[in-house]
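Enquirer: Structure below; questions to follow.
The values are calculated or read from the model by the stated rules, or taken from the named source; none is laboratory data. Keep in mind the model is a prediction, meaning the values are calculated, not measured. Glycine also receives a Cβ, built like all others from the backbone with ideal geometry; neighbour counts cover every protein chain displayed. All accessible areas refer to the heavy atoms of the entire protein, side chains included, with ligands and DNA or RNA removed. Shrake-Rupley method; radii C 1.70, N 1.55, O 1.52, S 1.80 Å.
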Amino acid sequence: MSTAATDPAALGEHARSFFERIPHGQTLGLEIVSFAPRSLLARLPYRPEIVGNPQTGHIHSGALTVLIDQTSGTAAILALGGKEQVATLDLRVDHLRPAQAGKPVYAQADCYRVARDVVFVRCICYEDSPDDPVATSMSTFMRTGGWQAGQSTGGVRGEA
Amino acid sequence: MNELAELVARVRAEKDYERLAELVPYAKLIGVSFGEQPDGSLLFSLPYRPSNIGNALLPALHGGVIAAFMEHSATLQLLWNMESTKLPKIIDFSIDYLRPGRPETLYADCSVVRQGQRVANVAVNAWQGSPERVVATARMHFLLSRQAQPQSAD
């Protein structure tokens, strides 16, 4: 049986399927832009419903937290070869400046350490360039084990 | 007083909580609401909505929604306390998740731990069922903006 880790295309499909089925992510229109074995680039489109300051039109910082949590969690799943689920343990965000009104925000999440029980991820949010970030984040995820029957997203079959 | 400070004063006088809760589009999208407790403290709530789910299989609330609700509760608390004449700006936000958020109302209470001239440190607890059943704890810093003279033109 092929594993997710040895088949990048299947792993990507698994991540995409997981990411795109998250109801609140759908509500915000979150999309995967690209992925690598341990990282993910996702996009939050600008919409009037996610504004945090009606006078400036800036996106609510909480909507950025949703983008960061979902992108970082999916990067952790990618780093685990798509064979395990994770639960957010903690997450910290530094809000460096407001996101420009009218522009989508990108989140680049990179998993930099997979330990026995915990996965460590950093994430950076920007509109145009990661060199000019809106927010930076560090988060940790608990490994919560394999996908249960009925929880498989269908794209990947992992080895036991 | 500026427009926002006037609105907060009016909302406080008329106990028209919904008006303040619906001021911000994203807070309205997820459904943040609040009211005064008998002791005068504020209790924030996020009634269950299917669109706030993060894990459809458990099911569990989206961790980002829990965070956004807690952050917005702190913002409303600072406005309510009239510590800022503009929307407080978040500087940093840190959350610890203790339990999955079940598909039911999530509550939050905020305490302003330290209030300086420019910065406020706020701790927020979010719980379901009873206050002991904590779903997440968070701490955050906000930059405040205060006008020196309440009567000065905005």
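Enquirer: Return the calculated 222 nm mean residue ellipticity for chain B, to the nearest 500 deg cm²/dmol, obtained by summing -39500 (n - 2.57) across DSSP H runs with n ≥ 4 and dividing by the residue count.
Expert: -8000 deg cm²/dmol
Enquirer: A follow-up question, please. Using the Cα centre as the reference, give the magnitude of the dipole from point charges on the C-beta atoms of chain B (Lys, Arg: +1; Asp, Glu: -1; all else neutral), rounded to the nearest 20 debye.
Expert: Rounded to the nearest 20 debye, it is 280 debye.
Enquirer: Largest first, how would A:Glu20, B:Glu3, B:Glu36 line up by accessible area (1.4 Å probe)?
Expert: From most exposed to least exposed: B:Glu3, A:Glu20, B:Glu36.
Enquirer: Order A:Thr136, B:Thr75, most accessible first, counting only protein heavy atoms with a 1.4 angstrom probe.
Expert: A:Thr136, B:Thr75
Enquirer: Rank these residues by their accessible area, most exposed first, probe 1.4 Å: A:Thr71, B:Thr105.
Expert: B:Thr105, A:Thr71
Enquirer: With charges set only on the Cβ (+1 for Lys and Arg, -1 for Asp and Glu), what does the dipole of the protein assembly as shown come to about its Cα centre, in debye to the nearest 20?
Expert: That gives a dipole near 320 debye.
Enquirer: While we're looking at this one, here's another question. Taking the Cα centre as origin and putting +1 on Lys and Arg beta-carbons and -1 on Asp and Glu beta-carbons, what dipole magnitude results for the range A:4-146, to the nearest 20 debye?
Expert: 220
Enquirer: Something else: Can you list residues whose amide H is under 5 Å from B:Thr105's amide H, if they're 5+ apart or on another chain and H is modeled 1.01 Å from N?
Expert: When sequence neighbours closer than 5 places are left aside, the close amide H contacts are B:Tyr48.
Enquirer: Where does the charge balance sit around A:Glu127 when Lys and Arg score +1, Asp and Glu -1, over other residues with C-beta under 11 Å from its C-beta? Walk me through the numbers on the way to the answer.
Expert: Working: positive: A:Arg43, A:Arg97, A:Lys103; negative: A:Asp128, A:Asp132.
Overall, the nearby charge balance is +1.
Enquirer: Sticking with this structure for a sec: With every protein chain present, what is the per residue accessible area of chain A (1.4 Å probe, Å²)? Please report the intermediate quantities before stating the final value.
Expert: On the way: 6900 Å² over 160 residues.
Value for chain A: 43 Å² per residue.
Enquirer: Sorting check: for B:87-100, A:25-38, which peptide has the highest mean count of neighbouring beta carbons within 10 Å, and how do the rest follow?
Expert: B:87-100, A:25-38
Enquirer: Express the relative contact order of chain B as a whole percentage, based on alpha carbon pairs under 8 Å and six or more residues apart in sequence.
Expert: On the way: 287 pairs, mean separation 35.5, N = 154.
Relative contact order here is 23 percent.
Enquirer: Hey, another quick one. So which of A:Lys83/A:Lys103; B:Lys15/B:Lys86; A:Lys103/B:Lys28 end up more than 29 Å apart, counting from Cα to Cα?
Expert: A:Lys83/A:Lys103
Enquirer: Ignoring ligands, DNA and RNA, what percent of the 1.4 Å accessible area of chain B is carbon and sulfur?
Expert: 51
Enquirer: Name the residue farthest towards the positive end of the dipole of the range A:4-146 from the options A:Tyr106, A:Gly62, A:Gly52, assuming +1 on Cβ of Lys and Arg, -1 on Cβ of Asp and Glu, about the Cα centre.
Expert: Of the options given, the answer is A:Gly62.
Enquirer: Right, something else. Using only protein heavy atoms and a 1.4 angstrom probe, determine the accessible area buried between A and B, summed over both sides, in Å² to the nearest 100.
Expert: 2400
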